């Protein structure tokens with residue numbers, strides 16, 4: 001356990017240097033163990049990816065319903081991996097900040113393919129920052145198995161902020177991708193869509 005936490009401190013020091021402070025989303029340890037259910041693996045929200053608007057509205061419905069499988073179905077593979085890698089680093093941060101719960105947090109990572117050996121290899125390959133923070137989180141995310149269950153489990157440790165209304169305004173084609181304008185509550189934001197086969201998938205976070 002001590003060796004694992006020492007490694008995590010090194011990772012988080014690297015993350016801070018590369019600008020990953022935004023990952024601390026206000027998660028707090030929850031003393032109650034929550035068993036994941038099979039519903040975390042299967043979308044409950046009907047997912048429509050036929051247009052950027054449909055994809056975004058499917059995402060908004062999934063977020064409102066805490067349907068991780070449906071939400072992930074709206075994302076490109078790269079976006080899924082970046083998000084999962086960022087969430088894993090956040091969980092590592094929790095393990096460092098709360099050593100008494102560290103074993104429980106590290107077990108979630110281990111159960112989903114992020115063993116200490118896997119993290120060691122990722123650090124050796126990408127820890128120098130050559131791929132940037134986005135690239136590093138994506139590489140970490142590639143190692144995570146069963147993403148819907150992973151997000152389902154770690155969501156139990158998060159204090160969820162109030163859900164803001166999400167609305168689609170417009171989208172226009174630029175360099176083989178759609179740049180969408182949306183609203184998050186009263187704030188304007190941008191989101192990127194990529195067409196893969198016949199589906200319009202979300203490739204960037206809302207910003």
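The values are calculated or read from the model by the stated rules, or taken from the named source; none is laboratory data. The structure displayed is predicted, hence computed values, not measured ones. All Cβ positions, even for glycine, are placed from backbone atoms using ideal geometry, and neighbour counts span all protein chains on display.
Looking at the stretch 60-81, can you tell me whether even one residue there is under 14 Å from residue 144 (Cα atoms), in a helix (DSSP H, G or I) and out of contact with any helix residue (DSSP H, G or I) (no Cβ under 7 Å at 6 or more places or on another chain)?
Yes, there is a match, as at least one residue in the stretch 60-81 is under 14 Å from residue 144 (Cα atoms), in a helix (DSSP H, G or I) and out of contact with any helix residue (DSSP H, G or I) (no Cβ under 7 Å at 6 or more places or on another chain).
For residue 40, work out the one condition from (1) under 20 Å from residue 157 (Cα atoms); (2) modelled with pLDDT of 90 or more it doesn't fulfil.
Residue 40 satisfies every listed condition except (2).
Can you tell me which condition residue 161 does not meet? The list is (1) at pLDDT 75 or above; (2) under 20 Å from residue 71 (Cα atoms); (3) out of contact with any helix residue (DSSP H, G or I) (no Cβ under 7 Å at 6 or more places or on another chain), and all the others hold.
Unmet condition: (1).
Looking at 104, 82, which one is more than 15 Å from the chain's Cα centre (by Cα) and more than 15 Å from residue 152 (Cβ to Cβ)?
Only one candidate qualifies: 104.
Let's see how each residue does on (1) touching a strand residue (DSSP E or B) at 6+ places or on another chain (Cβ under 7 Å); (2) surrounded by fewer than 16 Cβ atoms within 10 Å (Cβ to Cβ); (3) assigned by TED's automatic domain parsing to the domain that holds residue 114:
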| residue | (1), (2), (3) |
| --- | --- |
| 141 | no, no, yes |
| 147 | no, no, yes |
| 150 | no, no, yes |
| 167 | yes, yes, no |
| 173 | no, yes, no |
| 177 | yes, no, no |
| 185 | no, yes, no |
| 188 | yes, yes, no |
| 197 | no, yes, no |
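Taking the stated definitions as given, is residue 49 in contact with a strand residue (DSSP E or B) (Cβ under 7 Å, 6 or more places away or on another chain), at pLDDT 50 or above, in a loop (DSSP other than H, G, I, E, B) and on the phi < 0 side of the Ramachandran plot?
yes
With the checklist (1) assigned to a helix (DSSP H, G or I); (2) under 13 Å from residue 148 (Cα atoms); (3) assigned by TED's automatic domain parsing to the domain that holds residue 194 in hand, flag the one item residue 57 doesn't pass.
(2)
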